[in-house]
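K.L.:
Once you've had a glance at the structure underneath, I'll fire off some questions.
The values are calculated or read from the model by the stated rules, or taken from the named source; none is laboratory data. If you're wondering where the values come from, they're calculated on a predicted model, not measured in any experiment. Methodologically, a virtual Cβ is constructed for each residue, glycine included, from the backbone with ideal geometry; neighbour enumeration extends over all protein chains shown. The protein model used for the area step is the full one, side chains on, heavy atoms only, and it has no ligands, DNA or RNA in it. Shrake-Rupley method; radii C 1.70, N 1.55, O 1.52, S 1.80 Å.
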Amino acid sequence: GHTTDDEEDNASIVCSILQPFITFIAAMLSIKLIIQTRQIEINGPPPSKPTSTSTLHNNKVILITGANSGIGLETTRLLYHQYNATVILACRSKSRAVEAMLNIDPSWNDCRSNNNYISSNNNKTKVGAINPKNRMHFLPLDLTSIPSIHTAVNILWNEMNIPKLDVLINNAGVMWNERRETVDGLEMTMAANHLGHFLLTNLLLPKLRETAIRQKHPTKVITVSSSLYTNAVRPRRNNHNNKNNHNNEAITKSKWNATEPGIDLHDLQCQNKPYRLFEQYAQSKLANILFARELGRREKLQHGGLVQSHVLHPGLVRTNVTRNMPWYLYYPNLIFSLFMMMLQKSPKCGAYTTVYCAMMEEEEEEESDDDESCYFVNSRKQPLEKLALSVDEGRRLWKLSCQLILLPVEKES
């Protein structure tokens, strides 16, 4: 009996000694599993480095909107350092763009001479010819102003003398807590997130096609959307698709409570329904997807796919897009940010999918070229929800967008 008791005591002592080590090992394995799961499911894979034999990545010229902060800044950094690209930062603020470029490459300041920072007598930015030693350039652009977009494109070709354009990245985005209008009388969120990019893309398409023909390889338009597009709803109407319905049909608050998923082509700018921050943001993100798909369809149909169109969800990223939230949403978001960090990507990881789409190899392009526009999440193609698949609504949004930004509607061939 004593032997059995002694054995049990010895086993108990061994277990008590080993338990902390077993607990520690289990904890380490759990942490490793959590990190790996976070890397795969939240951060996504980092973009692969170009191979030495790759020629497609060399000397690409890429224009990106909203490039001075958040995802845009990190996208610029990756493209500049990892892919040796020439990047044009299209932003409103010259000082913030300069700060971003110095942050990306402190030596950038050494090759600023004769670059695009010459001031004219009326204190407006005069953008001169680019310095070929420099691979980052500032382009003044306000996506909420139609004249500013036209001016930016004119500067790009006639003053900066950019020889080509390989990729356009429609990255900038805002979220307003109340309805505001631009100088052109357009609703601010829709203008900044969709209509401004729609106009910019259309004005740059000739150069994108010309570059594709000259290089014998498709150029690209990359549009950054959001999975929040799935929250887009519109007032439920009888015969919603009936063209006899008037665009200015008033929607009362009681009618607005009866909704259905989809783009609200009858009131894209919240003129006749209550403005709600998240609902209008979702509408603009759905507009991004419908536009990107329609662009891909038109380019394939009319120009043989010279320009490819991709759209993506960058993930739940810690950026300043929430800066315009009302205080009762902004501060709780700030308070819970430490907890949310476990589920959020850093801006660098948020840039991975954009960079992947912009720089994917020709073989990957061919594999993904089975739709008018590919939707990517974590650098992988993902299916879209039904509300984003309507070709008819994509056509109608294209026509409506042309009317709102005073752009002639091209007839389909």
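K.L.:
Filter the stretch 177-206 for residues that are in contact with a Phe, Trp or Tyr (Cβ under 8 Å, 6 or more places away or on another chain) and more than 23 Å from residue 395 (Cα to Cα) and give the result.
P.N.:
178, 179 - these are the residues of the stretch 177-206 that are in contact with a Phe, Trp or Tyr (Cβ under 8 Å, 6 or more places away or on another chain) and more than 23 Å from residue 395 (Cα to Cα).
K.L.:
I would also like to ask the following. Inside the stretch 71-126, can you point out the residues that are farther than 11 Å from residue 138 by Cβ, of a type in the set (S, T, N, Q) and at pLDDT 60 or above?
P.N.:
75, 76, 82, 84, 86, 103, 107, 109 - these are the residues of the stretch 71-126 that are farther than 11 Å from residue 138 by Cβ, of a type in the set (S, T, N, Q) and at pLDDT 60 or above.
K.L.:
Restricting attention to the stretch 290-305, which residues are charged (D, E, K, R) and either farther than 13 Å from residue 397 by Cα or open to solvent by 10 Å² or more (accessible area, probe 1.4 Å) (or both)? Before the answer, list the steps.
P.N.:
Here is the first cut: in the stretch 290-305, the ones charged (D, E, K, R) are 293-294, 297-300.
Residues satisfying the conditions are 293, 297, 298, 299, 300.
K.L.:
Looking at the stretch 144-176, which of the residues that are β-branched (Val, Ile, Thr), part of a loop (DSSP other than H, G, I, E, B) and open to solvent by 20 Å² or more (accessible area, probe 1.4 Å) is nearest to residue 352 (Cα to Cα)?
P.N.:
To start, the set of residues in the stretch 144-176 that are β-branched (Val, Ile, Thr) comprises 144, 146, 149, 151, 153, 155, 162, 167, 169, 174.
Still in the list and also part of a loop (DSSP other than H, G, I, E, B): 144, 162, 174.
Still in the list and also open to solvent by 20 Å² or more (accessible area, probe 1.4 Å): 144, 174.
Working: 144: 27, 174: 20 Å.
Out of the qualifying residues, it is 174.
K.L.:
If you go through the stretch 330-339 one residue at a time, do you hit one that is modelled with pLDDT under 85 and in a loop (DSSP other than H, G, I, E, B)? Let's see the steps before the verdict.
P.N.:
Here is the first cut: in the stretch 330-339, the residues modelled with pLDDT under 85 are 330-339.
If we keep only those that are in a loop (DSSP other than H, G, I, E, B) too, we end up with 336.
Yes, the conditions are met somewhere in the stretch 330-339.
K.L.:
In the stretch 374-409, what residues are over 22 Å from residue 190 (Cα atoms) and open to solvent by 40 Å² or more (accessible area, probe 1.4 Å)?
P.N.:
The answer is 380, 381, 382, 383.
K.L.:
Let me ask something additional. Do any residues in the stretch 292-307 that are over 17 Å from residue 217 (Cα atoms) have Cβ atoms under 6 Å from those of residues that are at pLDDT below 95, where the two are at least six apart or on different chains, and which pairs are they?
P.N.:
Filtered contacts from the stretch 292-307: 292/373; 293/372; 293/373; 297/372.
K.L.:
If you take the residues of the stretch 273-289 that are touching a Cys at 6+ places or on another chain (Cβ under 9 Å) and of a type in the set (D, E, K, R), which of them is surrounded by the fewest Cβ atoms within 10 Å (Cβ to Cβ)? Break it down into steps so the answer makes sense when it comes.
P.N.:
Applying the first criterion (touching a Cys at 6+ places or on another chain (Cβ under 9 Å)) to the stretch 273-289 yields 276, 279-280, 283.
Still in the running and of a type in the set (D, E, K, R): 276, 279.
Working: 276: 16, 279: 19.
Applying the filter and picking the extreme gives 276.
K.L.:
Another one. Checking residue 235 against (1) over 23 Å from residue 396 (Cβ atoms); (2) modelled with pLDDT under 95, which test does it fail?
P.N.:
Among (1) over 23 Å from residue 396 (Cβ atoms); (2) modelled with pLDDT under 95, the lone unmet condition for residue 235 is (1).
K.L.:
Follow-up question, since we're still on this one. Please state which one of 179, 234, 209 is among the charged types (D, E, K, R) and part of a helix (DSSP H, G or I). Step through it out loud before you land on a result.
P.N.:
Numbers: 179 fails: part of a helix (DSSP H, G or I); 234 fails: part of a helix (DSSP H, G or I).
The match here is 209.
K.L.:
Something else: Can you run down the residue pairs with Cβ atoms below 6 Å, 6 or more apart or on separate chains, where the first is in the stretch 152-167 and over 12 Å from residue 139 (Cα atoms) and the partner is among the aliphatic types (A, V, I, L, M) and not in a loop (DSSP other than H, G, I, E, B)?
P.N.:
Taking only residues 6 or more apart or on different chains, the pairs are 164/61; 165/61; 165/208; 166/61; 167/62; 167/358.
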